[in-house]
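Take a look at the structure below.
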């Protein structure tokens, strides 16, 4: 029942033992965070953020999940006022990451995110989005450099040959989409603005990867096959959204991720700071609750997601399952080449078929199941 949780203004501040006040406040804060996460997961499972249902805006805005969000936000402000020096646990910050992600995902079609947001905060979201996009393109540049180095110590000659074939196939697919202008696409404009939608799906992909990296760090176990499957479909869905927006126009298409940008996730050998630019700190780390994570640490956390588990392979190579599944997913975008009009028509048909083959609502339901399983895993760990 949600009605048993009172708003901060109704909070009972009496305490028999003042020394227990921190414990009591912390217990209330953690409980309201748990309830807020659960309410948003329920809404996501019920499909309240389906991309095509704009008429559900009022339901999403004023539903139980929004009320729990307001309650948690109020308790968090009260807690920070009374305990300004308290440093939250990794488990708490992880759940907060999940809540932030769910809020953005659930309200993509509503005005909740826009209301009450200062221009400075909007600028911060934009800067984070563009910074993430630059990070993905640095990753692509590093991946290309690795492809030209030759045989690595951690790969056999046969594995290196397989990598080269996969690399060539990837480049062929990327090139087809990069060089073909779909029908009705406007001429390129300067990269000065994102489309007007306050929260596209594609900027949420790095947040999802950050949540997954935090999960691996907290529970000390690598991602399973279900995570890989959902992560690959996340890349596919983000690609579909971006490519369709590019074909429709609206905003600067140059600020939308390319197909290669959406699939720029995997393991890099000999990781160095060039991935994030001369070792500068990431301007807006996803786990930045009074803790600034350096660019090197963040890049390494992402990299660890895709490293082959030491128990299965002592070499520092990409997880074979991720390598294959990522390539199989990317090949869904294979389209016929030829002259410009033929290629454009082939790509348009391909996008239409993929939208039918991979319904957004089913993906969001599986994503909710995954996030709930990850949250439960952290919860079990905190109880041991």
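Here are a few things to note about the model shown:
- Residue that is modelled with the lowest pLDDT, among those in the stretch 1-33 that are in contact with a helix residue (DSSP H, G or I) (Cβ under 7 Å, 6 or more places away or on another chain) and assigned to a helix (DSSP H, G or I): 8
Okay, residues lined up against (1) modelled with pLDDT of 90 or more; (2) in a helix (DSSP H, G or I):
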| residue | (1), (2) |
| --- | --- |
| 121 | no, yes |
| 126 | no, yes |
| 140 | yes, yes |
| 147 | no, yes |
| 153 | no, no |
| 169 | yes, yes |
| 185 | no, no |
| 195 | no, no |
| 198 | no, no |
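- Test: residue in the stretch 236-248 that is under 26 Å from residue 381 (Cβ atoms), modelled with pLDDT of 75 or more, surrounded by 15 or more Cβ atoms within 10 Å (Cβ to Cβ) and in the same structural domain as residue 97 (by the TED database): no
The values are calculated or read from the model by the stated rules, or taken from the named source; none is laboratory data. Computed from a prediction, not measured in an experiment: that's the story for all the values here. All Cβ positions, glycine included, derive from the backbone under ideal geometry; neighbour counts span all protein chains shown.
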